Amino acid sequence: MATTPFPGLRQFHEGRGFKQWTGNDSKGLMKVYLPAIVGHVPPQMVQAVADFLEFCYLVRRNVIDEDTVAAIENAISRFHHSREIFRTTGVRPDGFSPLPRQHSLVHYPLLIQQFGAPNGLCSSITESKHIVAVKRPWRRSSRNQPLGQMLLTNQRQDKLSAYRVDLESRNLLLPRKSAAPPPPPPPPPLRPGTIDEPEEEESGPIDQPYSQGDVKLSRKPARKIPRRVDDLADYLQQPQLWTLLRQFLYNQLHPDAPVGQMGRDIPIDQCPNLDHRHRVFLHHSAHASFFAPSDASGLGGMRHELIRAVKSWRNGPARYDCVFMEGDDEGEVGFERLLVGRVFAFLRFKHQGVDYPCALIHWFSTVGNAPCDETGMWMVQPDLDRQDNPVMEVVHIDCLYRGAHLIGITGDERVPVHDFGPHNSLDKYMAFYVNKYVDYHAHEIAF
């Protein structure tokens with residue numbers, strides 16, 4: 001399966017074997033694994049994987065309340081029911097009792113209530129101390145009732161380590177030489193306007209004041225790009241750009257217009273006039289920052305990512321990312337209050353002295369009124385008009401929330417081999433899963 005690029009998402013270009021398997025491989029694969037197996041294994045197996053992933057993402061949250069604990073218990077119950085398919089099909093004919101990691105799931109709700117949210121704490125962290133705390137003390141024991149001897153050895157080792165730290169802090173002992181190489185020097189500060197450079201980190205923690213979400217265009221527009229509306233429309237291959245910009249201006253000047261009387265619903269001659277030679281600046285990216293304490297974040301719980309819309313990404317094919325946008329249903333929760341679109345251009349222009357940062361969006365509509373029964377993920381499909389042309393609209397940059405990751409729905413069909421890859425997968429499928437497992441923040445907002 002070829003998935004679209006996304007900040008922090010790993011690409012397994014040649015598949016993945018299990019002989020050399022690491023924790024990073026597991027974390028990378030779990031983000032895209034579920035849609036890949038739909039239609040190729042029994043539905044109950046898909047549900048078992050979905051229930052297990054749901055549990056993993058719930059216990060990873062920064063804040064866990066009573067409702068979250070109930071959801072964790074519900075996910076465990078569903079997983080214990082759906083995993084029986086592995087017993088009936090002969091994958092685990094002897095059951096699941098020899099699997100301590102699966103047994104440990106039932107203890108999470110009570111331990112969370114007693115000690116708080118794990119917040120990413122690895123429950124297998126003690127495994128890294130197995131040699132130091134178990135194997136070596138056992139070898140030093142007499143092998144006759146070794147437990148007490150091992151505990152005494154560990155106590156003495158801890159005291160010696162603490163004493164060494166004390167001596168080093170008072171300059172009475174030279175610091176122990178580290179076997180690890182020295183850390184690399186920090187990178188030089190970014191020059192103003194370098195947000196479009198490929199070397200910049202696409203996502204990561206940032207230290208800035210709390211805000212629920214904010215999106216800003218890159219500091220400088222793209223160079224050597226046409227800036228007149230008609231010329232830019234030819235460059236972007238969007239012949240309706242002039243009309244869409246006028247409809248956008250109408251919406252900005254009439255923010256309280258009722259449904260059915262917005263810019264796209266009225267005759268174009270009633271929209272504000274815009275000269276065909278009006279200057280419009282193109283930007284290749286936007287910078288989204290949002291509150292995501294469950295992911296690796298800054299001191300205030302903030303995280304950032306880049307959203308790209310560029311005709312050639314790193315001297316290769318085009319890249320047009322998808323985004324979440326805030327909907328009008330304020331009373332809804334989760335994905336029901338969000339909209340999904342694909343960005344084909346980031347634009348900025350002035351009209352009557354007012355600066356308008358905006359984005360050219362291809363809309364996606366929700367398939368059905370509930371998530372998929374097997375995967376638990378919402379499904380969307382691109383909006384097309386009667387001539388099968390994409391339904392486009394220009395929206396203000398403030399409507400954007402953060403990046404969204406879509407994975408094509410293949411069903412029981414095989415992925416094409418020729419002329420198919422991450423760069424054009426959004427053009428090859430008719431419907432998509434909204435991947436709420438791409439990171440922990442997406443799981444919190446797209447449920």
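General remarks:
- Filter pass, Tyr429 being of a type in the set (Phe, Trp, Tyr), buried (at least 20 other Cβ atoms within 10 Å of the Cβ) and either modelled with pLDDT of 95 or more or more than 26 Å from Arg246 (Cβ to Cβ) (or both): no
- Only one of Leu34, Leu110, Leu58 that is hydrophobic (A, V, I, L, M, F, W, C), modelled with pLDDT of 90 or more, in a helix (DSSP H, G or I) and under 29 Å from Trp313 (Cβ atoms): Leu34
- The residues of segment 358-377 that are assigned to a strand (DSSP E or B), surrounded by fewer than 18 Cβ atoms within 10 Å (Cβ to Cβ) and not small (Gly, Ala, Ser) amount to a single one, Thr366.
- Residues being farther than 17 Å from Trp363 by Cα, among the charged types (D, E, K, R) and touching a residue at least 24 places away in the same chain (Cβ under 8 Å) - total across segment 312-345: 1
- Segment 23-43 - residue that is closer than 18 Å to Tyr433 by Cα and not hydrophobic (A, V, I, L, M, F, W, C) and, of those, surrounded by the most Cβ atoms within 10 Å (Cβ to Cβ): Pro35
- Segment 77-106, residues that are under 30 Å from the mean Cα position of the chain (by Cα) and over 21 Å from Pro42 (Cβ atoms): Pro100, Arg101, His103, Ser104, Leu105, Val106
- Condition check for Gly411 on (1) modelled with pLDDT of 90 or more; (2) touching a Gly at 6+ places or on another chain (Cβ under 8 Å); (3) over 21 Å from Ala318 (Cβ atoms): one failure, at (1).
- With respect to the conditions (1) in contact with a helix residue (DSSP H, G or I) (Cβ under 8 Å, 6 or more places away or on another chain); (2) at pLDDT below 95, Ala318 lacks only one, and its number is (1).
- Enumeration of residues in segment 328-377 that are at pLDDT 95 or above, over 23 Å from Pro5 (Cα atoms) and touching an Asp or Glu at 6+ places or on another chain (Cβ under 9 Å): Arg348, Phe349, Pro357
- Residue list for segment 227-239, filter: in a loop (DSSP other than H, G, I, E, B) and loosely packed, with under 15 Cβ neighbours inside 10 Å: Gln237, Pro239
- Residues being touching a Pro at 6+ places or on another chain (Cβ under 6 Å) and at pLDDT below 95 - total across segment 61-84: 1
- The set of residues from segment 61-81 being touching a residue at least 12 places away in the same chain (Cβ under 8 Å) and not in a loop (DSSP other than H, G, I, E, B) comprises Val69, Ala71, Ile72, Glu73, Ala75, Ile76, Arg78, Phe79.
- Here the condition is being over 28 Å from His441 (Cα atoms), at pLDDT below 90 and assigned to a helix (DSSP H, G or I); of Ser104, Ser26, Ser97, Ser128, it holds for Ser128 alone.
- Taking the criterion of being assigned to a loop (DSSP other than H, G, I, E, B) and buried (at least 21 other Cβ atoms within 10 Å of the Cβ), the only residue of segment 298-321 that qualifies is Asp321.
- Reported count of residues in segment 149-176, each being acidic (Asp, Glu) and surrounded by 12 or more Cβ atoms within 10 Å (Cβ to Cβ), is 1.
- The residue list Asp230, Asp207 contains one member that is modelled with pLDDT of 90 or more and of a type in the set (Asp, Glu), which is Asp230.
The values are calculated or read from the model by the stated rules, or taken from the named source; none is laboratory data. All values derive from a computational prediction rather than experimental measurement. Here the Cβ is made from the backbone with ideal geometry for all residues, glycine too, and neighbour counts use every protein chain on show.
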